[in-house]
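Data block below; observations after.
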Amino acid sequence: MPTGKVKWYDTEKAFGFVTSDEGEDVFVHVSALPEGTTALKPGQRIEFGIAQGRRGNQALSVRLLEAPPSLAKAARRDPDDLVPIVEDLIRLLDGVGGALRRGRYPDKASGAKVAAVLRAVAEDLDA
């Protein structure tokens, strides 16, 4: 069976491309992934069968050869650096919670800033 590395994969669209060890780009759909796997990460090594699809080669029966490299984990902050950020986030959310208890949502700009901070902290914690 051919092997290769994931070039890119879009979880929302449920497909991506793999570059085979021979240098050929091969389409991969979520339906070809192993049970319980919903996405691939760039650089991840896989083994797969190939079938001719309507628009070229398509991967079938994908098997993961190694765990995907975690770019986020490599760039993870030191826990001591994250403590003040989380404490500031708690104070920020307390203010939002107080306003919501009084029946007021934050204005659009403030809400967007809070959401951005929440996403950034979540990514640091989820790595």
If you take the residues in region 9-24 that are in contact (Cβ under 8 Å) with a residue 24 or more places away in the chain and loosely packed, with under 15 Cβ neighbours inside 10 Å, which one is nearest to the chain's Cα centre (by Cα)?
-> THR11
Within region 1-90, strands (runs of 3 or more DSSP E) holding 1 or more residues that are small (Gly, Ala, Ser) and under 30 Å from ALA115 (Cβ atoms) = 15-20
Out of LEU64, LEU118, LEU100, report the one residue that is modelled with pLDDT of 90 or more and touching a helix residue (DSSP H, G or I) at 6+ places or on another chain (Cβ under 8 Å).
-> LEU118
For region 28-53, pairs from a residue that is under 14 Å from ALA14 (Cα atoms) to a residue that is in a loop (DSSP other than H, G, I, E, B), with Cβ under 6 Å and 6 or more apart or across chains, are VAL30/ALA14; ALA39/THR11; LYS41/PRO68
Of the residues ARG55, ARG76, which is at pLDDT below 90, in the same structural domain as ALA32 (by TED's automatic domain parsing) and charged (D, E, K, R)?
-> ARG55
Number of the condition not met by ARG91 [criteria: (1) at pLDDT 90 or above; (2) assigned by TED's automatic domain parsing to the domain that holds GLY16; (3) among the basic types (Lys, Arg)] | (2)
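The values are calculated or read from the model by the stated rules, or taken from the named source; none is laboratory data. Because the structure is a prediction, the values reported are computed rather than measured. Don't worry about glycine lacking a Cβ; one is built from the backbone with ideal geometry, like all the others, and counts go over all protein chains shown.
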